[in-house]
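Contents: one structure, followed by commentary.
The values are calculated or read from the model by the stated rules, or taken from the named source; none is laboratory data. Quick caveat: nothing in here was measured; it's all calculated off a predicted structure. Here the Cβ positions follow ideal geometry from the backbone for every residue, glycine too, while neighbour counts run over all protein chains shown.
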Amino acid sequence: MRPSDAYLLGLALAVTLFAASFADAALGLARERSALARKAELVERLGLTDLVLFTEARYTRHPSQADLHSAFQDHPFALDHFPSGSLLPPPRLKGRS
Amino acid sequence: MNSWIGKQRNLLDFTLSSLSRRRGKTLGMLAVYTSIVFVLASVMLFSHAIRREAAIVLVKSPEVLVQRMVAGRHDLIPARYLDAIRGIRGVQSVEGRLWGYLFDPSAAANYTLMVPASPRIEPGKVIIGDAVARARSAEPGDLMSFRAHDGTLVQFKVDGAIGRESALVSADLFLVSETDFRRLFGIPEGLFTDLAVSVRNPREVGKIAEKIDAALPDTRIVLRDEILRTYESVFDWREGMLLVLLAGAILAFAIFSWEKASGLSAEEKREIGILKAVGWETGDVIRLKMLEGLVVSLSAFLLGYLLAYAHVFHLGAGLFEPALKGWAVMYPKYRLTPFVDELQVATLFFFTVFPYTVATVVPIWRAAIIDPDQVMR
């Protein structure tokens, strides 16, 4: 087998897998649609406001409910000391904080 | 047509044998390139999927939330505020919510305690989220005890657990009855954590928020729209330490690949000289070298993207876990819904494949137009 044949075969395989990843995403989305609806229903029923991404501090557990100062209000000159604080942007409020 | 295909295949054969002559360098370049595409694609797929999921799921969160602020801190809100809000035209309903956090010393974890309106929980019973069940190895029927605000023990019998399927919104929940919540924290009747307001006409939400703000000046209002906007910006490409660190790596890679692609080694110059001397056209030499760049960058893109897709959607984005987990003891085990933005993938393709391929052209063109005799010397 010529090197170009082996490469083109590998490339064709990778391109097929690349296309298959989109098909897999579409199938996964169709499969998860009812689960998403159930999650939304749970959010509505329990009145949830945030995703459970970071449970370490209240302003990272419920970023949408925290005010802009909550990360720094423990004492004067307090700095945000939770690592996930650096991964989260402050809440996007319309001028009220 | 056949001769054109034959010529391209010969060119590809030559390109591959030229790359295999510098096997170590080529494989090293491919590995670095693939890992950069892998990390970039993983961040891109993860952040897009989580943003879309948040947008779909949180669209059902409370329309307007009213919190009381005292000395810059969130404080308990009295029940009389309910009546004040009910009096505002356009308000459909107002409910007092009870929720807070409880530190469990035995698991060293924080739970989110909540009193749900539905299902109503019987006193002494609890429904727990998946991460709580895992942290405490708790099953329905088990007993869990916590010290109340006055030091007395409050015991809960696990009535059920919320499935892992919805862990992204419920992993750390600890749903209790109103009686138990008030007993645990010593919150008297007539006080709530915050108020959830629903509005008759969704277009009036802004106006009603202004009216609540005017009627109750010591409150802070959080709209559903603001919750959604907060999550739109979470894991945004431009934000966060992860991407700042990544920016350094990308910059290092850009310098590395620019240096590799644009600076020709003496050996490569000699190769170009020999090709010209045996009769190759300048165009053929440029095509050969561009093909080398394309073979490396296209292979790296495809490999990196496929690995990233498997990592994010089939292996639970395990490599991000230490960064996302931070100091949290509880981390939800969730499987992201595979939302893929084709435009983002196309952008990633464009910015990873084209610059490298194009960067190879200028120095090769410069080397290819010099007299072969001069290059080979």
Is it true that B:ASP150 is more than 28 Å from the chain's Cα centre (by Cα) and at pLDDT 90 or above?
yes
Residues (crowded, with 23+ Cβ neighbours inside 10 Å and within 11 Å of chain A (Cβ to nearest Cβ)) located in region B:289-300:
B:ALA300
Can you name the number of the only condition in (1) more than 7 Å from chain B (Cβ to nearest Cβ); (2) at pLDDT 90 or above; (3) within 30 Å of B:ARG120 (Cβ to Cβ) that A:ALA35 fails?
(1)
Name the residue, out of B:LEU184, B:LEU168, B:LEU195, that is in a strand (DSSP E or B) and not assigned by TED's automatic domain parsing to the domain that holds B:TYR331.
B:LEU195
Being closer than 30 Å to B:VAL132 by Cβ, surrounded by 13 or more Cβ atoms within 10 Å (Cβ to Cβ) and at pLDDT 80 or above: is that true of B:LEU242 here?
no
Working carefully through the options B:ALA323, B:ALA310, B:ALA346, find the one that is of a type in the set (Gly, Ala, Ser) and modelled with pLDDT under 90.
B:ALA323
Would you check if B:SER20 is at the interface with chain A (Cβ under 9 Å from one of its Cβ atoms) and under 30 Å from B:ALA131 (Cβ atoms)?
no
Within region B:89-126, the residues that are more than 31 Å from the chain's Cα centre (by Cα), small (Gly, Ala, Ser) and part of a strand (DSSP E or B) are B:SER93, B:GLY96
Can you name every residue in region A:41-59 that is at the interface with chain B (Cβ under 7 Å from one of its Cβ atoms), surrounded by 17 or more Cβ atoms within 10 Å (Cβ to Cβ) and over 16 Å from the mean Cα position of the chain (by Cα)?
A:LEU42, A:VAL43, A:LEU46, A:GLY47, A:LEU48, A:GLU56, A:ARG58
Every residue in region B:1-26 that is surrounded by 12 or more Cβ atoms within 10 Å (Cβ to Cβ) and either outside the structural domain of B:LYS289 (by TED's automatic domain parsing) or within 36 Å of the chain's Cα centre (by Cα) (or both), please.
B:LYS25, B:THR26
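The rows are residues; the columns are (1) within 12 Å of chain A (Cβ to nearest Cβ); (2) surrounded by fewer than 21 Cβ atoms within 10 Å (Cβ to Cβ); (3) part of a helix (DSSP H, G or I).
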site	(1), (2), (3)
B:ALA41	yes, no, yes
B:LEU45	yes, no, yes
B:HIS48	yes, yes, yes
B:ARG52	yes, yes, yes
B:VAL57	yes, no, yes
B:PRO62	yes, no, no
B:VAL66	yes, no, no
B:MET69	yes, yes, no
B:HIS74	yes, yes, no
Assess whether B:GLY96 counts as being at pLDDT 90 or above and more than 14 Å from chain A (Cβ to nearest Cβ).
no
Going through region B:186-198 one residue at a time, which ones are more than 31 Å from the chain's Cα centre (by Cα) and either of a type outside the set (A, V, I, L, M, F, W, C) or buried (at least 17 other Cβ atoms within 10 Å of the Cβ) (or both)?
B:GLY186, B:ILE187, B:PRO188, B:GLU189, B:GLY190, B:PHE192
